[in-house]
1. When the chain is fully extended, how far beyond the present Cα-Cα distance does V177 get from V40, taking 0.36 nm per residue of separation?
2. So what is log10(I(q)/I(0)) for region 102-242 at q = 0.10 1/Å, when the Debye sum runs over its Cα atoms only?
3. Over the chain, what is the relative contact order in whole percent, taking alpha-carbon pairs under 8 Å and six or more residues apart?
4. Name the longest site-free stretch of the chain, where the excluded sites are trypsin sites (Lys or Arg not before Pro) in a DSSP loop with no more than 10 other beta-carbon atoms within 10 Å.
5. For the chain, with all protein chains present and a 1.4 Å probe, just round the carbon and sulfur fraction of the accessible area to a whole percent.
6. Can you give the Rg and Dmax of the chain based on its C-alpha atoms, in angstrom?
7. Once label points are set 7 Å from the Cα along Cα→Cβ at both R63 and L132, what is their separation, rounded to one decimal in nm?
8. Setting aside same-chain residues fewer than 8 positions from K67, which aspartates and glutamates have a Cα under 19 Å from its Cα?
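The values are calculated or read from the model by the stated rules, or taken from the named source; none is laboratory data. Since we're looking at a predicted model, the values are computed, not measured. Cβ: placed from backbone, ideal geometry, glycine included. Neighbour counts: every protein chain shown. Please note that ligands, DNA and RNA were not included when accessible areas were found on the heavy atoms of the full protein model with its side chains. Shrake-Rupley method; radii C 1.70, N 1.55, O 1.52, S 1.80 Å.
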Amino acid sequence: MTRTKKQPLYDQLVELLKEKIENEYEANMMLPSERELSDVYGLSRTTVRLALQELEKIGYIYRQHGKGTFVSDLKESSFNLQSMYSFTEQMKSLGRHPETRVLDFETIEANKFLATKFNVKLGTKLIKMKRLRSADGEPLMLERTYLPLNKFLSLTKEDLDQKALYDIFREDYNEIVKVAEEELFANIARPKDAPFLDIREGAPVLTLMRKTYNQANEIIEFTYSVARADHFRYKIVHHNGN
């Protein structure tokens, strides 16, 4: 195995095994033992054990007591980012228990970045909320959502604890989502986000920026989401217009 000074050996082994799991290994096949991996790659048992612990943590492998370590079915364990409007329903459909925890809820003034996103003046009042999305107690995505205060004056943190945001839009404020623009790109976990997602700083993540419009073509939401790359995929279907 090629060694570089900048990247720890177990990180290199993690990346190597991830590539094999994604491209070569079959789902549910048994991996070689720690001793065998140590011999094959010329690494200590401790280094191999750390790499396997990381792979298990990010869902690439699973262990069965007394039997061994196996390759996870990545297709079954991945969630479709295209359906993030219905996170709760998607998790339920996969047989998992969804949870959304509101970490922060406050009123702020729009800075230059947010003013541009909402097409408003600097200093315009916005609602800012930070929410952690989890399934079966496992953190999956961290969302920072901004709403125009003048459209949701009576919104409270307690409302969000009791009802999904898009249900609140429709049922409490008669704001019907007409269309949403999304931008998705690969990124790495920042120091302030990694602890919430239970991943290491610099781990791969997917960043999703969504701008939502109502029926009057007004922007009613801007959300910046950071999702664990080991648990999400993004699927796009193109149709021929002919």
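1. Values: separation 137, 0.36 × 137 = 49.32 nm, distance 5.46 nm.
Additional length available on full extension: 43.9 nm.
2. -0.38
3. Values: 379 pairs, mean separation 37.3, N = 242.
It comes to 15 percent, rounded to a whole number.
4. Details: sites that count: R3, K5, K6, K67, K121, K192, K235.
My reading of the result: 122-191 is the longest stretch.
5. Details: 6510 of 13700 Å².
Carbon plus sulfur share of accessible area: 48 percent.
6. 21.2, 64
7. Calculated label separation equals 2.4 nm.
8. Candidates past the 8-residue exclusion: E26, E34, E36, E56.
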